Amino acid sequence: MREIDKVAWIRIEDGRVLSTRSRGKEVWYLPGGKREAGETDLETLVREIAEELAVTVVPESAVHVGTFTAQAHGHATGTLVRMTCYTADHRGTPRPASEIEEVAWLGYADRPRVSPVDQLIFDHLRAAGALR
């Protein structure tokens, strides 16, 4: 069994979570990405969010939300994604950059539009009263 190690940013405003859609994709994902060799969670988070959304995450403000595992979307059965999620303050206004085509604020009703691991995260955020 293969596992993909990713780190994601949870940014919630008015009961909605910031999500991204990559060019040519139909499914929405929380912003973030794969860890590079030797990177810590926070180094990955800062790098990936700068690349995808052109904002600066403030690492000292980061708070671990949870770690979630599910079948990796678009990969062979048995390939799992392990998503370690953090909230954090940021500087700048999120906008699509790099491979990101679109950003949107999604509510719980949008759950069917996101990847399997993001669906677990949506459930967690809803149960915590953060996502409407």
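Since every read-out is calculated from the coordinates, none of them should be taken as a lab result. Treat the numbers as computed from the prediction; the structure is a model and nothing was measured. In this analysis, Cβ positions are derived from the backbone assuming ideal geometry, glycine residues included, and neighbour counts consider all displayed protein chains.
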For the stretch 3-83 the trypsin sites (Lys or Arg not before Pro) that pass both the DSSP coil test and the at-most-14 other-Cβ-within-10 Å test are 23
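Scale the Cα Rg of the chain by the rule-of-thumb value 2.2 N^0.38 Å and send over the ratio, two decimals. The partial results should precede the final answer.
On the way: Rg = 13.6 Å, N = 132, 2.2 N^0.38 = 14.1 Å.
In units of the 2.2 N^0.38 Å rule of thumb, it is 0.97.
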The summed charge of the residue 67 Cβ neighbourhood (under 12 Å; Lys/Arg +1, Asp/Glu -1) stands at -1
Footprinting proxy, 114, 103, 27: sorted fewest to most Cβ within 10 Å, the residues are 27, 103, 114
Dipole check, the stretch 2-127, charges on Cβ (K,R +1; D,E -1), about Cα centroid: among 92, 127, 37 the Cα furthest to the positive pole belongs to 127
Amide H contacts under 5 Å for residue 11, restricted to residues at least 5 apart in sequence or on another chain and with H modeled in the peptide plane, are 18
Here the net charge surrounding residue 41, from other residues whose Cβ is less than 15 Å away from its Cβ (Lys, Arg +1; Asp, Glu -1), is -1
Projecting the Cα atoms of 70, 112, 55 onto the charge dipole of the stretch 2-127, where Lys and Arg contribute +1 and Asp and Glu -1 at Cβ, the residue farthest towards the positive end is 112
CD proxy, 222 nm, the chain: helix-only mean residue ellipticity via -39,500 (n - 2.57) per DSSP H run with n ≥ 4, per residue, nearest 500, stands at -6000 deg cm²/dmol
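Given +1 on the Cβ of Lys and Arg, -1 on the Cβ of Asp and Glu, and no further charges, what dipole in debye does the chain carry about its Cα centre, rounded to the nearest 20? Present the calculation step by step, with values, prior to reporting the outcome.
On the way: 17 positive and 20 negative charges, 73 e Å.
Value, rounded to 20: 360 debye.
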